[in-house]
1. So which residues in region 103-134 are among the basic types (Lys, Arg) and surrounded by fewer than 17 Cβ atoms within 10 Å (Cβ to Cβ)?
2. For Gly445, state whether it is in contact (Cβ under 8 Å) with a residue 12 or more places away in the chain, more than 22 Å from Gly76 (Cα to Cα) and not aromatic (Phe, Trp, Tyr).
3. Would it be correct to say that Ala240 is surrounded by fewer than 19 Cβ atoms within 10 Å (Cβ to Cβ) and either of a type outside the set (Lys, Arg) or at pLDDT below 95 (or both)?
4. Could you check Asp337 against (1) acidic (Asp, Glu); (2) crowded, with 19+ Cβ neighbours inside 10 Å; (3) closer than 18 Å to Ile245 by Cα and say which number it fails?
5. Has region 376-387 got at least one residue that is surrounded by fewer than 17 Cβ atoms within 10 Å (Cβ to Cβ), within 16 Å of Val330 (Cα to Cα), among the aliphatic types (A, V, I, L, M) and in the same structural domain as Tyr284 (by TED's automatic domain parsing)?
6. Tell me which helices (runs of 4 or more DSSP H) are completely within region 3-92 and hold 1 or more residues being within 30 Å of Met129 (Cα to Cα), or say none if there are none.
7. Is it true that some residue in region 298-306 is out of contact with any helix residue (DSSP H, G or I) (no Cβ under 9 Å at 6 or more places or on another chain) and charged (D, E, K, R)?
8. Mind listing whichever residues of region 106-158 are more than 31 Å from the chain's Cα centre (by Cα) and among the β-branched types (Val, Ile, Thr)?
Amino acid sequence: MSDVKAYLQFLFEENKMPFDTGMLPLLEQFAADQHNAAAVTQILENQQMLMAKWKLQTRIRDVQEQVVMIPNGTVGKPYEAVIDFAKLGWNDLAVVAFTRLEDIGLGYDAESKTISGVPTQSGDIKFGMTFRIAEEAPDAELHERQITLVINPDPKSLWKQLASDREAPFWKEDNIAVADKLGDKNIVVASKRGRSHANAGTFRDDDFAYKYFEETGWSVIAVSDGAGSAKLAREGSRLACQTIIDYFAVHLSMESFTAFDDLIAAHHSGTGEETQKKLNHFLYNNLGKAALSVYKKIEETAALQQADIRDFHATLIFALIRKYDFGYAVLTFGVGDCPMAILNKDLTTVTLMNKLDVGDYGGGTRFITMQEIFQSNQFGTRFGFQLVEDFSYLMLMTDGIYDPKFAVEANLEKIEKWQELIADLQGGNEDEAVVDFTPGNPEVGNQLSAWMDFWSPGNHDDRTLAIVY
């Protein structure tokens with residue numbers, strides 16, 4: 001009765017109908033009328049019903065228009081995003097399902113409230129979400145809204161793979177990988193054209209060469225990085241490496257290298273006098289002449305091509321290895337920013353075999369095609385020598401490997417960075433690319449080449465890595 005009377009009083013006042021306290025008895029009588037009370041009750045119930053419907057409709061609209069942010073994904077990379085119902089204020093949703101996710105390689109797990117999978121296409125992907133509010137009837141029609149998921153393209157796919165011009169002078173293969181025996185050790189080398197070159201259809205400027213000379217027991221490995229700004233750098237790097245092999249093919253069997261056996265034996269036993277000074281002289285005299293022969297060969301080629309020697313600018317690192325009863329002698333020479341290093345058998349120490357030519361600004365790199373290299377009083381610092389009982393890996397690499405994997409020169413001194421590189425080569429990478437160094441593995445060359453496809457933002461230069469193991 002009180003609700004009916006209160007509503008009638010409110011109704012009369014809202015409609016400006018005369019009403020004072022003297023009329024209360026009449027109001028009591030009017031409200032007590034069965035038909036009037038029933039009418040008011042129906043009105044109140046209809047109001048409550050309308051309010052409930054309005055509240056439900058606005059809630060549905062709120063869910064449909066609510067901004068829903070979920071993490072971006074990348075094509076080809078595993079994706080996982082938990083839909084936080086509490087944070088979104090969706091605890092009153094009785095049923096939630098997502099549609100069209102399977103079209104892009106994703107799915108939804110209702111128990112964990114997780115969208116996951118591997119996206120197969122890029123773009124602003126719109127997928128559906130169907131839902132029902134908890135207070136709705138179980139058989140009520142589901143409501144739908146769209147959610148946008150940004151899937152970024154695989155960065156690798158944005159780079160073109162344009163073939164280099166086979167008709168151009170000094171053309172060479174864009175990618176090459178080889179594996180071989182090297183005396184009692186093994187060698188694997190891969191050289192791959194960088195994405196920046198592939199995108200422009202230009203040439204691989206890196207190069208390498210190696211040879212085991214059975215008659216003397218010496219092995220020679222050379223790696224070169226042609227300067228990107230030099231138009232014939234691809235030939236400069238090839239000439240640098242091949243000339244080193246050709247030089248030692250002649251000179252390893254000569255008297256000076258035969259005398260090295262006695263010198264290294266004396267150095268090992270500690271019986272010789274001033275052996276270190278003699279070793280330094282040997283390196284300077286023999287490896288220095290080999291390096292100078294490279295300069296002369298490129299200078300001669302440039303003249304024949306009526307080109308400037310600077311058009312052939314290239315770095316050069318090379319190593320000579322020979323096994324003795326007491327260990328391995330490793331002799332090195334380097335010009336440029338390509339490192340060489342020896343890792344001991346249990347991977348606990350690393351020995352750098354050259355000092356890089358790097359600067360605090362562009363232009364710090366030096367090239368074997370610069371005559372001042374041979375005239376500098378620092379020329380003697382370009383040689384390296386180590387006598388080791390054994391080693392696990394001897395590596396020579398261009399900056400296409402060094403830059404993304406070590407970043408700065410100081411990291412080359414840290415054994416943990418080399419351990420990370422070995423772990424990376426053994427499969428510890430996002431591509432799960434594995435290089436199996438088991439001797440006799442026929443796929444090791446292809447595996448190293450595939451590993452070199454790793455993605456590193458901003459590092460798209462040619463990549464060459466030679467590993468003796």
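The values are calculated or read from the model by the stated rules, or taken from the named source; none is laboratory data. Small disclaimer: the values here were computed from a predicted structure and weren't measured. So basically every Cβ, Gly included, is an ideal-geometry build from the backbone, and we count neighbours across all protein chains shown.
1. Of the residues in region 103-134, the ones among the basic types (Lys, Arg) are 113, 126, 132.
Those that are among the basic types (Lys, Arg) and surrounded by fewer than 17 Cβ atoms within 10 Å (Cβ to Cβ): Lys113, Lys126.
2. Details: in contact (Cβ under 8 Å) with a residue 12 or more places away in the chain: yes; more than 22 Å from Gly76 (Cα to Cα): yes; not aromatic (Phe, Trp, Tyr): yes.
Criteria met by Gly445.
3. Values: surrounded by fewer than 19 Cβ atoms within 10 Å (Cβ to Cβ): no; either of a type outside the set (Lys, Arg) or at pLDDT below 95 (or both): yes.
Considered against the rule, which asks whether it is surrounded by fewer than 19 Cβ atoms within 10 Å (Cβ to Cβ) and either of a type outside the set (Lys, Arg) or at pLDDT below 95 (or both), Ala240 comes out as no.
4. (3)
5. yes
6. On the way: elements: 24-32, 34-65, 85-88.
Helices (runs of 4 or more DSSP H) meeting the threshold: 34-65, 85-88.
7. Our first condition is that a residue be out of contact with any helix residue (DSSP H, G or I) (no Cβ under 9 Å at 6 or more places or on another chain); within region 298-306, this holds for 300, 304, 306.
After this cut, where a residue has to be charged (D, E, K, R) as well, the list is 300.
Scanning region 298-306 turns up at least one residue that is out of contact with any helix residue (DSSP H, G or I) (no Cβ under 9 Å at 6 or more places or on another chain) and charged (D, E, K, R).
8. Thr130, Ile133
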